[in-house]
Amino acid sequence: MAYSPIAFTAANYRDYKFNWIKAYEPGTTTPKVMATDSSLGTLIAKAEVNVDGFIVSSGGALIIPFIEGSYDLYMFKKESEADDNDTSSAVRLADNIKGAADLISRDTTISETPPLIKSDGDRWIRCSDMKGFVWYIDEDGGQWVQERPSYGIDTVQNTTIPYVFNTVEAMTSSLISFPNGKVLQTKSYRGATVGDVSGAGLYKVMTLADFGGVPDGFGDHAIAGDFVAKLINDGEINILQYGADNAGTTDPQDASLVFQAAIDKGLPIYVPKGQYRILSKLSITSEGTILRGDGPATQFDCIMTDALFQFPTLSGRSVKEFKNFSVISTAGTMSASGVVFLFDGTGTGGALSYTSGYKFTNIEVGGGGEFGCVWDVTDTFRLTIKDCGYTSVSNPVRIRGSVVQCTIDNLTGNNTDYIRNYKAQNCGVFMEARSDYLDAAQRVPENVKVTNSGFVKHRRGMQSVGLAITSENNDFDFIRDFAWVYGGGNGHNITGGYIAPSGSESNFIGVLVDKAQNLDSVNVRDIIFNTYEVVGASQIGIQVGSGGVSPFNEVAGVNIIGNRFYGRALSWNRAIECDRSRIITVSENAVTGGIIKAGGFAINATNSKNLTCNSNACNAQTINITAPLANSVGTVNNNDANIITAFIAGTFDISRNRNEAS
């Protein structure tokens, strides 16, 4: 029997300075003698760890202890505990280690430096770390190549190194009973592909009592001996370590249960690239759920008809971000009622409650299949949608009830037709009031901002309802019916951006305000209006009031300032229409020459009261002022237009215009 240097222990114990190490017969407290070197010149019962964490002799010299045969190795805090062989508070460093010298061939060199004379296949073990090397002859003469010899270590009972399985199934079906605290390693979750490392993980063995529940069988697993293998993570779940299949259509496995198990943990979730087939709704049950992918290459493939993610009312205000993934529906099941993110809101007849703090960034929807809606949001506080896109979605955003502080920025998309509807709507952003609460109070969206976004090929671009609603620098292109519609409330602003009809549909109105009742209800400013072709039907840029069509709503508090109208020759019926309106300002707008149809008007104001129509550049096209209401006052000044007036009642200042007639 020969002495061997201690193996499979750390080279440095800085956190254990001034502790003591001691060897024992395996499974006993019978001490074993150690030597300070391979010559066995000095035998010791124990060795001290110095201030720098290295093992030293009694004289303070650095040593590597040598031990004969198999042994257990302990670290003691006090020398007296080592002398008394009291292991109750000691740290076990090695469990039934078998000495290297008993397993290594006599041709192996054990030294700190490699031997100078070597031949092909010679082995050398470096003393400082017990790493093994083999000498291989190659075209450059030869080199030492590291290997990992097993030196007889007990890989089951030793808790200092992990026990390795190829797959999770191999781990859970193993009959080996591991000690509490042992670390297990899996090379992959399924191992379906040669070299597959997806879902590789580390697990800590613990008792059921310490685990505190029943393992879910996705991230945590029951193993032999009534123990649990608990997945070790850094506070974020890798969905592949829960067994999600990202092979997509090449493997029809449903990933719904895997994702729900991960969501229920309440931790952030990382979703690597790949295609995940989802057959049932995923319910967000915890405030801690955050989800991130690897960009568009991370795809959720929806094989259902209702919702991908459902958000019940959760009151916490922390920011919870969903980002960097795409959503498709290769089976085409989401085209009618399917929604990607569904916020439940308050139940019918219930007391108002909110979901709060969600942020969506860099998410793409569509491009594979059609969708009814992306964000269906009810009773939600502090919602952000930023840098997202969609294709083939009927109603990308639906906002209902008490949705407060909602920001939509750089949402761009393209619908494919005007026929499909989601809840009777084909609209880019659709807002509506709600009153079916416990107190029966009507609640509307508040402080909603839609900016820098693009909505293409919808029947409606945006329906604006609520308080302090902003549309800024948005493009509403190829719109069939209305680009922006006022639906009630105060403080609505639509500024900047671009509006154009589809060019092949009838009765297009760019901006429609037919319900406003309060001062400064609506501001329409600095928008570019354009047409692509001449159509026989009516095309109006901005309409305030009902346009002479019953019911005749009197509209108040609208400012139309600084807008620009372009298009094909003779393509607009009216650039601006005001009917049965009061406290209306129409100023500093510009209408390109020749774009108004025969019989049409650049600006048409009928049955209006308190009208200010000043400084509009209509390029000699016509402004028509007809039949103001009794006791009306107004100004029509400094317009580059032909002014036609009729049935004027009240006091109107009509002066300093290009041409004035009555």
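The values are calculated or read from the model by the stated rules, or taken from the named source; none is laboratory data. It should be emphasised that the depicted structure is a prediction, and the values quoted were computed from it without experimental measurement. Counting neighbours? That spans all protein chains shown, and the Cβs are built from the backbone with ideal geometry, glycine included. All accessible areas refer to the heavy atoms of the entire protein, side chains included, with ligands and DNA or RNA removed. Shrake-Rupley method; radii C 1.70, N 1.55, O 1.52, S 1.80 Å.
Quick notes
- Taking the criterion of being of a type in the set (D, E, K, R) and part of a strand (DSSP E or B), the residues of the stretch 336-385 that qualify are K359, E364, D376, R382.
- Subset of the stretch 444-462 [in a strand (DSSP E or B) and surrounded by 21 or more Cβ atoms within 10 Å (Cβ to Cβ)]: V448, V450, F455, R460, G461, M462
- Candidate set from the stretch 617-629 (those that are modelled with pLDDT of 90 or more and more than 15 Å from C578 (Cα to Cα)); member that is least open to solvent (accessible area, probe 1.4 Å): C618
- Residue check, G600 more than 26 Å from I528 (Cβ to Cβ), open to solvent by less than 50 Å² (accessible area, probe 1.4 Å) and in a strand (DSSP E or B): no
- Taking the numbered list (1) open to solvent by less than 70 Å² (accessible area, probe 1.4 Å); (2) touching a residue at least 40 places away in the same chain (Cβ under 8 Å) in turn, S38 passes all entries but (1).
- Odd one out for Q310, checked against (1) of a type in the set (S, T, N, Q); (2) in a loop (DSSP other than H, G, I, E, B); (3) closer than 29 Å to R443 by Cβ; (4) touching a strand residue (DSSP E or B) at 6+ places or on another chain (Cβ under 8 Å): (2)
- Selection count, the stretch 443-463, where residues are over 16 Å from F381 (Cβ atoms) and either in contact with an Asp or Glu (Cβ under 8 Å, 6 or more places away or on another chain) or at pLDDT below 95 (or both): 12
- Just one of the listed residues (L231, L202) is within 17 Å of T159 (Cα to Cα) and buried (at least 20 other Cβ atoms within 10 Å of the Cβ), namely L231.
Results for (1) closer than 27 Å to Y16 by Cα; (2) open to solvent by less than 30 Å² (accessible area, probe 1.4 Å); (3) at pLDDT below 80; (4) not in a loop (DSSP other than H, G, I, E, B), shown as yes or no for each residue.
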{"site": "G60", "(1), (2), (3), (4)": "yes, no, no, no"}
{"site": "D86", "(1), (2), (3), (4)": "yes, no, no, no"}
{"site": "K118", "(1), (2), (3), (4)": "no, no, yes, no"}
{"site": "V134", "(1), (2), (3), (4)": "no, yes, yes, yes"}
{"site": "D154", "(1), (2), (3), (4)": "yes, no, yes, no"}
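- Search result, residues across the stretch 550-587 that are within 19 Å of G496 (Cα to Cα) and out of contact with any Lys or Arg (no Cβ under 9 Å at 6 or more places or on another chain): V558, R564, F565, Y566, G567, A575, I576, T585, V586, S587
- Restricted to the stretch 62-84, and to residues there that are open to solvent by 70 Å² or more (accessible area, probe 1.4 Å) and not aliphatic (A, V, I, L, M), the residue that is nearest to Y13 (Cα to Cα) is K77.
- Restricting the stretch 472-514 to residues that are part of a loop (DSSP other than H, G, I, E, B) and under 30 Å from the mean Cα position of the chain (by Cα), the residue that is nearest to L411 (Cα to Cα) is N474.
- Filter result (β-branched (V, I, T) and at pLDDT 95 or above) within the stretch 279-302: T298
- Selection within the stretch 89-102: residues that are crowded, with 18+ Cβ neighbours inside 10 Å and in a loop (DSSP other than H, G, I, E, B). The member of this set that is modelled with the lowest pLDDT is G99.
- Residues of the stretch 402-419 that are among the polar types (S, T, N, Q) and either under 29 Å from A440 (Cα atoms) or part of a strand (DSSP E or B) (or both): S402, Q405, T407, N410, T412, N414.
- Members of the stretch 630-657 that are part of a loop (DSSP other than H, G, I, E, B) and either open to solvent by less than 80 Å² (accessible area, probe 1.4 Å) or at pLDDT 90 or above (or both): A630, S632, N638, N639, I648, A649, G650, R656, N657
- Residue count, the stretch 242-291 (criterion: in contact with a helix residue (DSSP H, G or I) (Cβ under 9 Å, 6 or more places away or on another chain), of a type in the set (S, T, N, Q) and in a loop (DSSP other than H, G, I, E, B)): 5
- Top-ranked residue of the stretch 103-113 - restricted to ones that are open to solvent by less than 60 Å² (accessible area, probe 1.4 Å) and out of contact with any Asp or Glu (no Cβ under 9 Å at 6 or more places or on another chain), ranked as modelled with the lowest pLDDT: I104
- Counted residues, the stretch 322-335 - those being open to solvent by 30 Å² or more (accessible area, probe 1.4 Å) and modelled with pLDDT of 95 or more: 2
- Exactly one residue out of G466, G413, G487 is within 24 Å of T346 (Cα to Cα), buried (at least 19 other Cβ atoms within 10 Å of the Cβ) and touching a Pro at 6+ places or on another chain (Cβ under 7 Å): that is G466.
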